[in-house]
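Presented below is the structure to which this report refers.
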Amino acid sequence: MSLFLDSATPRNANGTKRPAFQPHRRKMNGPAVRLALVNNMPDSALVATERQFTRLASEALEGALDISLFHIPSLPRGQDAKAILAQNYSPIDEMLDAEFDALIVTGNEPRAAKLDDEPYWPDLVEIVTWAQQNTAISLWSCLAAHGAVLYLDGIERQRLPRKKSGVLSCNVAEPARHGLPASLTVCHSRMNEVRTSDLLARGYEIVSEAAGGHVDVFAKTSGSRFLFLQGHPEYDADSLMREYRRDVGRYLNGNRETYPDVPESYFDSMTTVRMENFRVLAEKSRDMRLFESFPQATLRSGLQRKLADSARDIFSGWMADVGSPAPAT
C-alpha cells in the first residue's frame, strides 16, 4: 500500500498563496482512494490524532490511499498549533471545492453547553452537507458525531452525570453483515452521549453497544454512508492514561471542580489501588505539588492488543465500503 499525505496549497496570513508542504511520494498502480481528514482535536492532541487516524486508514485499505489534511479556521488555536496547520494543513474551503471518496472528521473538547453555540458550528454544518453529496463514505468521531446527528436529525446529546472514561466491551449487532467480530474493545472518553432510543427513532443503525445502553458505533446512509463513533478506537493504548493524568492536574490546580474517576477496566488491579490512594490524598490536601508523585501505571494485561485489533476491524469494515454503492435510504 502507498500512503500519501497531501495538502492543498496553503496561504500566508495575508491570503497569498505559498508553496504547499510536499511529502515523499511513491509511484503506485491504479487510482488512489482520496481521503480528507478534518482534524479538530485540541492543540495538545493535534499531531497524535493525525498520526492515529492516518495510520488506521492506511492499514485498512488494500490499495493506494491519498490523504489530504484540513482544518477549520474558526476553531481557536495557539501559536504552535497554528504553525503546524500552516505547514501541513489547508482550510476546509479548499476541501469543499475538491473531490474525495472518503472523509474523516474528528471531535474536539466541548466549549459551549449547546453544540450549535460552538464557534465552528456553521463550518461543521457545511462539512456535513458537503459530505452527503460528495463522498462515498464518511466517519464522524465523538463531538463531530454528536454535531452531525444534531444537524441531520435534531438529535440532542445528553449530559452524563460524570465523565464516561474507560474501556468498554461492546457487542456487535450482525457481525457478519458489518464485517466485524462479535465484540469490540474500545476506549471511551466523553461527557455527553446520544442515546439508543433517539437514534433508532430517526432511522440510525446501532452497530455496537456496551452494557447499560452505551452506544459505541452507529451508522446511517444519507447520500454518503455515515459511520459515527462515540468511542475512540483510534486512541493509543496510553491515551486514556494521559487524559486521566491531565484531568487530575486540572483538579489539583483548581481548573476542575471534581476529582476524575479512574478509567474503568483500564489499569491493572495494583495500579487501580495506587490511583485510588492518590485520590484520597489529593482530595484531602489539594495541592499541585502532589502532582510530582502521581503514580506509575500499568495497563490491564492484554489490553493493548485488544484495542489495536478492534481499531483495525472498525476501520477495515468502514474502508471496505469505499468502493461499494450506498444502500438506499
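Gly212 satisfies every condition listed in (1) part of a loop (DSSP other than H, G, I, E, B); (2) buried (at least 16 other Cβ atoms within 10 Å of the Cβ); (3) not β-branched (Val, Ile, Thr) except (2).
The set of residues in the range 259-274 being in contact with a helix residue (DSSP H, G or I) (Cβ under 7 Å, 6 or more places away or on another chain) and not aliphatic (A, V, I, L, M) consists of Tyr259, Pro260, Pro263, Tyr266, Phe267.
Being at pLDDT 95 or above, on the phi < 0 side of the Ramachandran plot and exposed (fewer than 13 other Cβ atoms within 10 Å of the Cβ) holds for only one residue in Ser310, Ser285, Ser293, Ser324, and it is Ser293.
Looking at Asp80, Asp6, just one residue is among the charged types (D, E, K, R), farther than 17 Å from Trp140 by Cα and at pLDDT below 75, and that residue is Asp6.
Against the condition of a type in the set (Ser, Thr, Tyr) and modelled with pLDDT of 95 or more, how does Ser197 come out, does it pass? Answer is yes for this residue.
Among the helices (runs of 4 or more DSSP H) confined to the range 45-134, the ones with at least 3 residues that are not aliphatic (A, V, I, L, M) are located at 46-60, 79-88, 121-134. For the range 197-226, a tally of residues being among the small types (Gly, Ala, Ser) and free of Cβ contacts under 8 Å to residues at least 12 places away in the same chain returns 3. Scanning the range 85-98 turns up no residue that is at pLDDT below 90, in the same structural domain as Ala36 (by TED's automatic domain parsing) and surrounded by fewer than 17 Cβ atoms within 10 Å (Cβ to Cβ).
The values are calculated or read from the model by the stated rules, or taken from the named source; none is laboratory data. Only a predicted model underlies this, so the values are computations on that prediction, with no experimental measurement involved. So basically every Cβ, Gly included, is an ideal-geometry build from the backbone, and we count neighbours across all protein chains shown.
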